[in-house]
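Data block below; observations after.
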Amino acid sequence: MATRATPVVVVVLAVLAAWYVAAVAMNADLQRQAFDTAGTADAAWPDFVAGTWSQAHPRLPAPHQIAGEIGRSVFAVAPTSKRSLVYHAGITLEATALGFLLGGLFGFGLSLLVVHAPSLDRGLMPWIVASQTVPIVALAPMIVVILAQVSVTGLLPKAVIAAYLSFFPVAVGMAKGLRSSDPLHVDLMRTYSASRPQVLRLLRLPASLPFLFASLKVGVAASLVGTVVAEVTKSEDGGLGARLLAGSYYGQTVQIWAALLVAALCGAGLVGLVSGVERLVLGRFGGGR
Amino acid sequence: MSGLAWLGCAAVWLAAWGLVELIVRRGPRRGFAGRAAAVAVPLIFGATVLFWWEALVRGFAVPAVILPPPSAIAARIVASPAMLAADFAQTMKGLAAGYLIGCGGGILVAVAIDRVPFLQRGLLPLGTLVSALPVVGVAPIMVMWFGFDWPSKAAVVAAMTFFPMLVNCNAGLGATTALDRDLMSTYAASYAATLCKLRLPAALPFVFNGLKICTTLALIGAIVAEFFGTPIVGMGFRISAEVGRMNIDTVWATVAVAALSGSLLYGLVALAERRMTFWHPSFRGRRS
């Protein structure tokens with residue numbers, strides 16, 4: 001474990017170091033101006049460097065500033081307050097989970113159809129692929145507007161956008177997975193004169209589990225991206241995307257970075273959660289490593 | 001709409017379905033006719049969906065603010081080619097620059113860290129992690145750093161494409177068998193020769209897989225970055241501005257252009273892939 005962690009830790013430390021240096025370089029102009037207006041243009045360089053790392057509106061905030069902002073908005077504020085990142089992360093995760101559920105089920109259903117109907121495989125599959133070359137996020141503002149017109153508001157519009165992004169990996173991965181069972185096993189099932197539902201339940205579905213989890217991991221990450229983008233267009237409900245937008249309107253760079261980092265943590269957490277379920281389920285099926 | 005019209009619509013649906021079934025079950029599978037059939041099936045499918053879209057919107061008299069019929073969108077595209085072309089050009093500037101920087105950078109870094117296992121073990125877990133993150137979130141930051149015009153869009157696209165490319169390319173560089181490498185070392189091939197003649201070609205399928213993923217990501221990045229501030233041109237700007245003004249047909253026209261350009265980009269990469277990795281099993285086995 002230690003040997004595997006060392007390189008990662010070293011690289012992370014190097015990134016942090018480079019970040020601090022970059023923060024000095026990028027905030028230098030602002031800091032010079034600040035010192036000029038304060039009449040202390042001849043400040044010693046340690047003060048100068050410390051200054052670039054502690055501005056209120058830096059071009060690039062230093063890591064400890066972001067960590068401080070996250071700490072403040074997570075621990076110092078009540079989790080129900082609109083200034084709490086826990087509150088916003090909760091909204092985002094809610095929509096992400098619903099979108100992931102919808103998208104996962106839809107993708108799974110599509111894969112069943114595609115695997116069992118050859119005409120759908122050849123007619124529908126190219127469109128499924130094409131649907132992803134459509135920049136989904138371009139549709140996001142419109143989906144929100146359309147659904148608002150038919151008085152569907154709240155969680156669902158965001159979840160729909162998240163679902164649109166996350167159904168594709170599941171559909172494609174499962175279409176491949178359901179076809180990945182060993183031909184010998186399929187023949188065996190046929191000699192037992194198993195019906196199609198039986199083949200599906202007893203052979204194809206268990207055989208597709210590794211594909212299912214690989215695509216679920218991609219899907220849950222895509223779902224989070226979709227939700228964050230949807231929140232940028234539908235910012236009145238709050239959420240991490242709305243925090244990003246508000247931060248960019250008011251020049252609150254530290255707030256943007258904090259929201260971004262929390263979104264990253266959520267993404268890593270969700271993927272980790274799916275990996276955990278994968279290990280459990282595959283272990284039960286004897287496929288765990 | 002009258003019952004007769006509905007009957008007509010249902011007849012069109014059934015006819016299209018029957019035709020598709022016929023082509024799939026009885027149609028030619030090989031040669032030129034087979035390829036034409038493979039294109040025709042999804043086209044018939046798409047045309048039927050468009051037909052039903054038009055029929056439903058007209059039949060239920062859906063207001064154009066909610067969902068315009070395809071004919072209205074087509075009319076809008078024909079009516080304002082200059083605006084759409086300007087938006088397209090603006091977005092493509094950022095996209096192309098970012099795509100080249102991000103993908104090129106990803107490949108170069110993958111080759112560079114290839115000789116340093118320590119960096120590989122350190123960077124790759126991070127790369128996999130970053131690939132799963134909502135990188136589009138850096139859009140407001142990039143707009144702040146690089147201004148409203150296309151360089152900030154290029155920066156977002158580069159940030160989004162770099163890590164997926166790095167991870168894919170690195171996987172590709174490891175895709176040679178020990179036998180191949182032994183052969184190269186019996187030729188006393190240098191590191192550079194092994195890289196150019198064996199490992200880079202062997203990595204191409206993975207590189208193209210990364211490039212394909214990155215086309216979609218790049219388009220998303222370029223358009224989302226325009227939501228956060230832009231000169232008054234660009235596909236992302238057009239979409240967010242016209243949604244606010246309830247010109248939904250213009251929005252759909254822009255989305256159609258974006259979808260078309262996305263598919264074209266993907267198609268270009270797929271074409272290049274087929275040309276350059278013709279030796280790969282997934283193409284060799286195809287019907288010729």
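Bear in mind that the values in this text are calculations on the coordinates, not laboratory data. Predicted, not measured: the structure shown is a model, and the values here were computed from it. Counting neighbours? That spans all protein chains shown, and the Cβs are built from the backbone with ideal geometry, glycine included.
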What net charge is computed for the residues neighbouring B:PRO134, neighbours being all others with C-beta under 14 Å from the C-beta of B:PRO134, Lys and Arg scored +1, Asp and Glu -1? +1
Check cross-link reach from B:LYS212 to the lysines: straight Cα distance under 22 Å, and skip same-chain residues fewer than eight apart. A:LYS176, A:LYS217, B:LYS93, B:LYS153
Using DSSP to call loops (not H, G, I, E or B), can you name the trypsin sites (Lys or Arg not before Pro) in segment A:189-252 whose Cβ has at most 10 other Cβ atoms within 10 angstrom? none
Please check: in the Gaussian network model of chain B (C-alpha springs, under 10 Å), which one of B:PRO42, B:PRO231, B:PRO69 has the largest mean-square fluctuation. B:PRO42
What is the gain in length, in nm to one decimal, between A:ALA268 and A:HIS64 on full extension, counting 0.36 nm per residue of separation less the C-alpha to C-alpha distance? 71.4 nm
Pick out, in residue order, every one of the chymotrypsin sites (Phe, Trp or Tyr not before Pro) in segment A:205-280 that is DSSP loop and has at most 14 other C-beta atoms within 10 Å; say none if there are none. A:TYR250
Helix-derived [θ] at 222 nm for chain A: sum -39500 (n - 2.57) over DSSP H runs of at least 4, divide by residue count, nearest 500? -26500 deg cm²/dmol
Net charge contributed by nearby residues that have their C-beta within less than 9 Å of B:LEU173 (K/R +1, D/E -1): 0
If amide H atoms are modeled at 1.01 Å from N in the peptide plane, then the residues at a separation of 5 or more from A:ALA117, or on another chain, having amide H under 5 Å from its own are none
Taking only Cα atoms and a 10 Å spring cutoff, compute GNM fluctuations for chain B and point out the largest among B:ALA86, B:ALA110, B:ALA96. B:ALA86
Here the whole-number average of other chain Cβ atoms within 10 Å per Cβ of A:119-132 is 6
Using a Gaussian network for chain A with springs between C-alpha atoms less than 10 Å apart, which of these wobbles most: A:GLN149, A:GLN31, A:GLN255? A:GLN149
Spin-label model distance (nm) - A:ASP36 vs B:LEU4, 7 Å beyond Cα toward Cβ: 8.1 nm
Nearest 10, in degrees from 0 to 90: the angle of helix B:200-227 to the longest Cα principal axis of chain B is 50 degrees
Give me the angle, in degrees from 0 to 90, between the Cα long axis of helix B:248-276 and the longest principal axis of the Cα atoms of chain B, rounded to the nearest 10. 40 degrees
Evaluate peptide B:140-148: per residue, the Cβ atoms of other protein chains within 10 Å of its Cβ; return the mean as an integer. 4
Cβ-Cβ FRET estimate between B:THR128 and B:ALA85, R0 fixed at 35 Å, reported to 0.05: 0.35
Longest principal axis of chain B (C-alpha) makes with the long axis of helix B:31-59 (C-alpha) an angle, in degrees to the nearest 10, of 50 degrees
Name the helices (complete DSSP H segments) of chain A with a Cα length along the long axis of 27 Å or more and a Kyte-Doolittle mean of at least -0.5, or state none. A:2-38, A:85-116, A:155-178, A:205-233, A:253-284
Identify all aspartates and glutamates with a Cα-Cα distance to A:LYS82 below 19 Å; exclude those on the same chain that are fewer than 8 residues away in sequence. A:GLU69, A:GLU94, A:GLU231, A:GLU236, A:ASP237
Test item: B:206-217 mean partner chain Cβ contacts at 10 Å: 1
Could you give the distance between the Cα centres of segment A:191-225 and segment B:228-261, to the whole Å? 38 Å
